[in-house]
Amino acid sequence: MNESLDDMYRDIILDHYRSPRGRKPLPRVDIASDGTNPSCGDEITLEVQLENGTVKDVHVDCRGCAISVASGSMLAEIVKGRSIADAKRISEIVRSMLKGEEVTIPDDLGDLDALQGVRNFPVRIKCALLAWVTFMQGINDHENGRRDGRSHVSTEDDE
Ligand code: ZN
């Protein structure tokens, strides 16, 4: 990766960190999940409003480092308005990418490729993963029929 590309990625991440998307509380919460990343101390609360099989909106409240907050902001921006299946597919792509697997980021995923730079900083990978594993845990629990309570996930459990 050349230096200017690095700078561009850093600018995108800082932009999301300084003005995170998805901060607005939802009128109705269908899925709620909490995630923690003990290795860095990041914590996230993620709420999803569904409508007709789509992710109508997402509320993300992340308390943590710049990477974790930026990643949660990107998630909020990208999954909003997508079908649940599509949102899951994207989450899987991001997870695979962060874990260093060879994946192609579809063109319509906007700022997401900026997260690829995180792979060069192994201690930050779980920070970037936090929002995505928390989102997927909430969706999976919901699809498995757990409609009460909240989901909880730790990046330590995601291997
Ligand atoms: Zn972190």
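The values are calculated or read from the model by the stated rules, or taken from the named source; none is laboratory data. Please read all numbers here as calculations on a predicted model, not as lab measurements. Note: ideal-geometry Cβ built from the backbone for every residue, glycine included; neighbour counts use all protein chains shown. Remember, those area values only see protein heavy atoms, side chains included, never the ligands or the DNA or RNA. Shrake-Rupley method; radii C 1.70, N 1.55, O 1.52, S 1.80 Å.
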Test set (1) farther than 16 Å from HIS16 by Cβ; (2) buried (at least 22 other Cβ atoms within 10 Å of the Cβ) - VAL94 fails condition number: (1)
Some residue of segment 120-130 being touching a strand residue (DSSP E or B) at 6+ places or on another chain (Cβ under 9 Å), within 16 Å of ALA32 (Cβ to Cβ) and in contact (Cβ under 8 Å) with a residue 60 or more places away in the chain: yes
Search result, residues across segment 18-47 that are of a type outside the set (Gly, Ala, Ser), closer than 19 Å to ARG95 by Cα and touching a residue at least 24 places away in the same chain (Cβ under 8 Å): ASP34, THR36, ASN37, PRO38, CYS40, ASP42, ILE44, LEU46
Extreme residue, surrounded by the most Cβ atoms within 10 Å (Cβ to Cβ), among residues of segment 1-59 that are within 16 Å of the ligand (Cβ to nearest atom) and small (Gly, Ala, Ser): GLY35
Selection within segment 72-123 - part of a helix (DSSP H, G or I) and on the phi > 0 side of the Ramachandran plot: GLY110
Residue in segment 105-114 that is open to solvent by less than 40 Å² (accessible area, probe 1.4 Å), touching a residue at least 60 places away in the same chain (Cβ under 8 Å) and farther than 20 Å from VAL55 by Cα present: yes
Close pairs (6 angstrom Cβ cut-off, 6 or more residues apart or separate chains): among the charged types (D, E, K, R) in segment 61-84, open to solvent by 10 Å² or more (accessible area, probe 1.4 Å) anywhere: ASP61/THR45; ARG63/GLU43; GLU77/ARG21; LYS80/ASP57
Per-region count, segment 26-38, residues over 11 Å from LEU130 (Cα atoms) and either within 17 Å of the chain's Cα centre (by Cα) or of a type in the set (Gly, Ala, Ser) (or both): 3
